[in-house]
1. If you scan segment 7-43, which residues turn out to be within 22 Å of LYS57 (Cα to Cα) and in a loop (DSSP other than H, G, I, E, B)?
2. List the pairs whose first member sits in segment 41-60 and is farther than 13 Å from PHE24 by Cα, whose second member is at pLDDT below 85 and of a type in the set (Gly, Ala, Ser), and whose Cβ atoms are under 6 Å apart, counting only residues at least 6 apart or on separate chains?
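The values are calculated or read from the model by the stated rules, or taken from the named source; none is laboratory data. In this text, all values refer to a predicted model and were calculated from it rather than measured experimentally. Glycine also receives a Cβ, built like all others from the backbone with ideal geometry; neighbour counts cover every protein chain displayed.
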Amino acid sequence: MVETVRGAIAPEALGSVLMHEHLFVLSPEFAANYPEHEGFREDEHVPEAIRRLKELKAGCPKRTSRPCSSTTRGGSWPGVAEPLS
């Protein structure tokens, strides 16, 4: 059985699932470890994230029961969640 927020579910009943992922890592540690990285460019990175997430979603036969969240520590990117709903 797999424990979920709605209770235990048999693995075969889950269907396709997506793990929790952070789309953008914006931390001093990242910058220190990857100095060659040019930093976050919202106008470039957000559309690319949307494109890739749409591809991922298209491959899922079942919709997730929890909507995508675009909340971050420093704010949110509503432009990421809406196109995926």
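1. GLY15, SER16, VAL17, LEU18, MET19, HIS20, GLU21, HIS22, LEU23, PHE24, VAL25
2. Matching pairs, first to second residue: CYS60/SER16.
Residue-wise test of (1) at pLDDT 70 or above; (2) surrounded by 12 or more Cβ atoms within 10 Å (Cβ to Cβ); (3) over 14 Å from the mean Cα position of the chain (by Cα).
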{"position": "GLU38", "(1), (2), (3)": "yes, no, yes"}
{"position": "PRO47", "(1), (2), (3)": "yes, yes, no"}
{"position": "ILE50", "(1), (2), (3)": "yes, yes, no"}
{"position": "PRO67", "(1), (2), (3)": "no, no, no"}
